[in-house]
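For reference, the structure is listed below as structure tokens.
The values are calculated or read from the model by the stated rules, or taken from the named source; none is laboratory data. These figures come from a predicted structure and were not determined experimentally. FYI the Cβ positions are ideal-geometry reconstructions off the backbone, even for glycines, and counts take in every protein chain you see. We work out accessible area using only protein heavy atoms, side chains counted, and drop any ligands, DNA or RNA first. Shrake-Rupley method; radii C 1.70, N 1.55, O 1.52, S 1.80 Å.
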Amino acid sequence: MELILIISISWWIANFEPLQFTIDGFFSRLPVDSLTAFIHAALGCWKCWSFWLTIFITVDFSLACFAALLTFIFDLCLSKLK
């Protein structure tokens, strides 16, 4: 049950437009290199958010991998609906 909560929170963080506009504005002021591009992409990815939130909340690497896998499956299913 906690995985569903973590995945839904990560989806909300990755798709909440005011937060993403703030992140985009912050990264637009930084010089563009491979590290900043990678971090910017990770902050907009709900698979990454679910992995890191699960690590932060449960401190369980295998559960975090499972949460990222479930998020990847949800992402594939949602993309098929479009």
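At-a-glance table
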quantity: Angle in degrees between helix 34-43 and the longest Cα principal axis of the chain, rounded to the nearest 10; calculated: 50
quantity: Cysteines (scope the chain) whose Cβ has no counterpart Cys Cβ under 4.7 Å; calculated: Cys65, Cys77
quantity: Degrees between helix 2-15 axis and first principal axis of the chain (Cα, 0 to 90, nearest 10); calculated: 20
quantity: Accessible surface of the chain [probe 1.4 Å, protein heavy atoms]: carbon and sulfur percent; calculated: 76
quantity: Sites Trp12 and Asp60, calculated FRET efficiency, Cβ-Cβ separation with R0 22 Å, nearest 0.05; calculated: 0.50
quantity: Helical contribution to [θ] at 222 nm, DSSP H n ≥ 4, -39,500 (n - 2.57), averaged over the chain, rounded to 500; calculated: -27500 deg cm²/dmol
quantity: Value of Rg/Rh across the chain [Cα atoms, Kirkwood radius]; calculated: 1.02
quantity: Value of relative contact order over segment 42-82, rounded to a whole percent, pairs C-alpha under 8 Å and six or more apart; calculated: 35
quantity: Environment charge of Thr54, counting only residues whose C-beta is closer than 15 Å and scoring Lys/Arg +1, Asp/Glu -1; calculated: -1
quantity: 0 to 90° range, to nearest 10: angle between helix 61-81 axis and the chain longest Cα axis; calculated: 80
